[in-house]
Each structure stands twice: as structure tokens, then as C-alpha cells.
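Report on one structure; see the data block that follows.
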Number of protein chains: 2
Amino acid sequence: MKQDHVRICEVGLRDGLQMVKTILSAEQKLEWCRRMVAAGCTEIEVTSFVPPRIVPQFADSDEVARGALAIEGLHASALVPNLKGAQRAFDAGLQKVHYVLSASNEHNLKNVRRSTAESVEDFRRIVAARNESGLSRVKLGAGVATAFGCTIAGRVDETTVLGLVETLLDAGADAIAIADTVGYANPRQVRGLMRRVLELTGSTPVTCHFHDTRGLGLANVVAALESGVRSFDSSLGGLGGCPFAPNATGNINTEDTVFLLESEGMHTGIDIEALAAIRETVASWLPGEPFVGAIARAGLPKTFAPRAAAGAA
Amino acid sequence: MKQDHVRICEVGLRDGLQMVKTILSAEQKLEWCRRMVAAGCTEIEVTSFVPPRIVPQFADSDEVARGALAIEGLHASALVPNLKGAQRAFDAGLQKVHYVLSASNEHNLKNVRRSTAESVEDFRRIVAARNESGLSRVKLGAGVATAFGCTIAGRVDETTVLGLVETLLDAGADAIAIADTVGYANPRQVRGLMRRVLELTGSTPVTCHFHDTRGLGLANVVAALESGVRSFDSSLGGLGGCPFAPNATGNINTEDTVFLLESEGMHTGIDIEALAAIRETVASWLPGEPFVGAIARAGLPKTFAPRAAAGAA
């Protein structure tokens, strides 16, 4: 990927939907996907293969995954909580599967009722299952949640995060995600950690997953960008959060993130005006859910010149 | 000022109040000031010497200025729109007086019904009046509004802003403020412009005045910080905007700005918990006004370690 190209992965359909009250139909989810692709956002985490009794929103994950795979131009991925979920994602034919564990053992225990070390073993089993099924083309991403601190445990040491990144790479991760699950990160911390993560990962892709809980989401994106990160998760309208992290409301907003990145001279390939229209449709499907975002409220500056408009493909 | 010390000037009493519906009493304004000083925020723009028929909120500006001067530890300043206002500020005994003109001629015409060039002449008259009154100790700050773009004129050239900064310095400005009046700035633009402004200003203090209209307010603070800026205007609860700039809602929030700066390892001397209490009081005085802010909503991270707590005075 060129140094001025940034990949945005829309996580609204997964992280965004896991806490909302209204259950969307698979067709609505797929319309959301189709329109994101038309807007230039071709990476989408389309669902989560958690048991439906835990998150009923994802009872349709097989249907959504298969539907997403039929959308031309879409690079669909899904989150899986364990080997069983991974097997379902493989069976659906997904080519990208994301697994997440917490750097904070306390958060991991609360989130998935096992220690971080046990979750590492789960990831190894997922890698083994992928390899044994002859699915070596399927990319397995591994994410480190609570990488910048934890609402339960407080401070999370940089060395813990770096150690986990090494372990996950050794275990066979094809991509690494570093997540500020509870919105604790600040730019200084991001610069410090991400520089060291990128030293470890080399050519393996690295994504930052930020929440805007304490207002520093976009400042953290700039800090990560300065550290060399060229891939971010974000959610349309800032939808989402973590059901296990108190007050951890809101992924960084896709529209605002694209606005920031294009303003920074980066190329996302995404049309912000088109995002605004999708946002309106999705908001109409989810009455009562908070859709945040500065661009949606104030509009683009008259001076805004997206890279896409300049033909910098 | 040390490189890890950042000055915050509270502008909620001026920029914040100029658009609210409720008129606060002078005593309420002075209580706000006293409590800000107790919280460690000793720089406050306490009022504006505009004609009361234009902004009735500031009909008490003489009383507020005199009251503020009686508050121990407070470095009170006021905004003045013209020579007459400046004379009133001098008469009140203020030691810091701020004048603002727009880099965008169109914005200046709409805001004060004269061209930017005419406003420069006004500033020269204010400097002359100060000097002739033997008030050479009174510091005159000059601000450049719409320095990053204008909702009316669109793009504002960096050279226009830099030319104005030079002119204002030549005219006798003791301090320079660079304002993103309408919330158009992005971090790249801030880095580019502020580096060049600081080259021009040398030892003359420079403040950035950002609005968070399009979500980039705190990212712009980080960019300005990287450029060497160590002084920022902000408003408690993000109160305020510009009555002449459509959708230009909200100065950057004081609580969130202090949180960011302290997280970046800077020392502001300001107690965020105390700000939260003041915010509650002020919000109770201004029913129906929007008080925004991420820290007020989500609370400080468990991991937050302010410089003040570490005794780094």
C-alpha cells in the first residue's frame, strides 16, 4: 500500500450493531454493505460469529456473510470469538477472519470468561483448524483489545501488548489490530506504542481500532498516522461500543475519520457525501440509537478538497 | 514559559456567552472567574467591550472587568471591537486587551462592517491610544480570525495570514492569536501555518483559538503543540461560537483540552475535577444551552495521571 493510501474498515455492522436495540434484517445489513462499497469503502467487518443467545443481532451471521461474499468489490471479514465461530466463518467462505483477545487479563475474563493466555491458545487452535482445512488463503487477523488501558484493570503495560503481538505473529496471525476498546488512549501513548508495534510486525498489516469515548479518537488517528499506521477501523455515525466496558460508547466515526484523513492528504477512496446518505438510511432503521459525528452536524468545509476528487487513485 | 508548560485561556465568559439566551449577572460571571482561578486556570477573557445594543450579555462589561481585577491570581483580559471599546477596557484598568480582525475580508465586513485593512488601521489607533495614555504596561493582543478558511469566502491563503501577522507585529501587537473561527482547520494546515507564524513572531506569545465544529479541534491542538504553540483558548463545556459564521458551534472544550494536554505530558496547572464542578454550576445558570464534552460524559480514565498531581509545577 502506498504511503498516502489509508485503508478504512467499516465496523458499524459488527461493533456498531452489537449494542443496539433494534435487530436489522440480513437484507438491511447487506444493503448497508452494498452502499458502502458504492461509496468506495470496500473493507467491511460484516458480522460476528458469536452464539445468537449472546448477541441475537448476529443470529443471521451465516446469511450475512454469504450475502456479503456475493457483493462485487467487497472484502468482507467477520469477527469470531472462538474456534466454533471461526469454523462457521470458514464454512461461509469468508476470506478474512478476525479474532480478538484482551491485553488486560481482567477484561478478557469478563469478556469471554477465560484468561488471555487461554485465548492465545484458542487463536492457535483457529490457525491450526484453518491450516488443516486447506484454507491457507484465508487471512487470520488477531486483535489486541484494551491495548491502551482497561476500565477494570487500569494501566496496561506496553510490554504486555508488545509481547502479545509477538506471540500472535508467532502463532500465525496474518494481520494485527491494536484496539483502544474503552477509549483510554492518548496521542502520546499511541505514538509510543504503535512505533514499537510496527517495528515488530514488519510487512504484516496493522490496523488501529479507536473509540472516541474521551474525545481523543481523531487525535489518536493522527498520532497513529504519524507512527506509520495506514489502516483504521471506524463505524458509520460512530455507532457502537463494548457491552462489557462501562461508558465505552462509540467507535470513531467513519465520516469524520475519512474527513480527517483526506484533509491530512491521505487517500481513502471514500466519498463522504455518499456516507452521509447511507448514514441517514441506517439511522432511519435504528430509531433511538445515537448517531454522532461532526461532519454530519456541520457539513464539510467549503475548502475541503478530497484526494479522490483530485483523481489521486 | 517552559516547553512542557501550556497556558490555557478560558474564553467561555466571552466567546461562550455571546450567543447564549440567558443573561448572567455580573456576580455569576465573577463566581465563574473565582472558581476557575481556584481550579488553576488563571487566564480568563472575562468580557467583551462591544456596545450593549449589539450583545446585551456584555452590558455589564465595566463591572465584570473591575470585579475580575479584584480577584487574586487572575490575569483578566477582554476583547475589544474598536477604539471606543479599548478605551473602556483601559479605563477599567485591564492589563490585557485583545483585538481581533479577520483574514477573510468578507468575514470582516460581515462581522464589523469594515474591511480588514480598515480594521488594521483601527488596531493602530488602539496602540496609539494606549501609548498616549501612558499605559505601556497594558498588553495588546491581536488576533487573526478565519485564519484557516471562511464560511463566506472559502479558502484563506497562508500568505494573507502571515502578512497580517507581520502587519500586526509592526503595528505593536504584544501577542498574536490565530483563530479557526469557523472550524475549518485540519492538523496538516495547522502544522504548516503555525510553524511559519512562530518563525515570524519570535519571542512574542502566540495563542491558537480553535473551534471543534468539524470534530478536529483536539487533533488541531496536538498539531499546534507539535509546531511549538504553548497557548490555547478554550471554553468550559465547549460553550460558544460565532454569531456570524453559520454552524460554527463550539470552542474547544476546556476540560477535554486540559485532559489532552496533560495526557501529552504537558503541565496546565488546571484541575479537571474542579472544572467539572464549575461546569455543573454554570450549566445550571444556562438552562437549554448545549454543554458538550467527552470527559464530562465518560469521566477520566483510571490511568489518567495529571502533571499537577505529580507536583510538576
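A short reminder: the numbers here are calculations on the coordinates, not readings from a lab. Just so we're clear, the structure is a prediction, and the values are computed from it rather than from any experiment. All Cβ positions, even for glycine, are placed from backbone atoms using ideal geometry, and neighbour counts span all protein chains on display.
Give me a comma-separated list of calculated 3J(HN,Hα) values for region B:25-33, in order, Karplus coefficients 6.51, -1.76, 1.60 applied at θ = phi - 60°, integers in Hz, x for any Gly or Pro.
Values per residue, Gly and Pro as x: 7, 4, 5, 5, 4, 6, 5, 3, 4 Hz.
Sum -39500 (n - 2.57) across every DSSP H segment of at least 4 residues in the protein assembly as shown, then divide by the residue count to get the 222 nm mean residue ellipticity, nearest 500.
Calculated at 222 nm, the ellipticity per residue is -12500 deg cm²/dmol.
What percent of all Cα-Cα pairs in region B:7-298 falls into each 10 Å bin, going from 0 up to the bin containing the maximum distance?
7, 31, 39, 21, 2, 0
For labels at residue B:70 and residue A:155 in the simple 7 Å Cα→Cβ model, what's the distance in nm?
Rounded to a tenth, the inter-label distance reads 4.7 nm.
Please list, in order along region A:120-135, the HN-Hα scalar couplings obtained from phi with the Karplus expression 6.51 cos²θ - 1.76 cosθ + 1.60 (θ = phi - 60°), rounded to whole Hz, x for Gly and Pro.
4, 4, 4, 5, 4, 5, 5, 4, 4, 4, 4, 5, 5, 7, x, 9
Restricting to the protein assembly as shown, what percent of DSSP beta bridges are antiparallel, rounded to 5?
Bridges in the protein assembly as shown are about 10 percent antiparallel.
Loop only per DSSP, at most 16 neighbouring Cβ atoms within 10 Å: give me the GluC sites (Glu not before Pro) in region B:147-234, ordered by residue number.
Nothing satisfies the criteria.
Could you derive backbone 3J(HN,Hα) for region A:199-205 from the dihedral phi with the Karplus parameters 6.51, -1.76 and 1.60 (θ = phi - 60°), listing whole Hz in sequence and x where the residue is Gly or Pro?
5, 6, 7, x, 8, 6, x
In region A:184-211, whose amide N lies under 15 Å from the spot 7 Å out along Cα-to-Cβ of residue A:166? List them in ranges.
What the label zone holds, given the 15 Å backbone N cut-off, is A:196-202.
With +1 on the Cβ of every Lys and Arg and -1 on the Cβ of every Asp and Glu, and nothing else charged, how large is the dipole of region A:7-298 about its Cα centre, in debye rounded to the nearest 20?
Roughly 520 debye for region A:7-298.
Counting other Cβ atoms within 10 Å, which trypsin sites (Lys or Arg not before Pro) in region A:102-141 have at most 12 and lie in a DSSP loop?
A:113, A:137
Note down, for the protein assembly as shown, the three equivalent ellipsoid semi-axes (square root of 5 times each alpha carbon gyration tensor eigenvalue), biggest first, whole angstrom.
Square roots of five times the eigenvalues give 48, 24, 21 Å.
For residue B:133 and residue B:284, calculate 0.36 nm times their separation in residues minus their Cα-Cα distance, and state this gained length in nm to one decimal.
Length difference between fully extended and current span is 50.2 nm.
Quick check for you: which residues of region A:142-165 have the amide N under 19 Å from the point 7 Å beyond the Cα of residue A:200 toward its beta carbon?
A:142-150, A:154-165
Have a look at B:89, B:119, B:100 and report the one farthest towards the positive end of the charge dipole of chain B, computed about the Cα centre with Cβ charges (Lys/Arg +1, Asp/Glu -1).
B:119
Please give the contour-minus-distance gain from residue B:63 to residue B:274: 0.36 nm per residue of separation, less the Cα-Cα distance, rounded to one decimal in nm.
Taking residue B:63 through residue B:274 to full extension adds about 73.4 nm, to one decimal.
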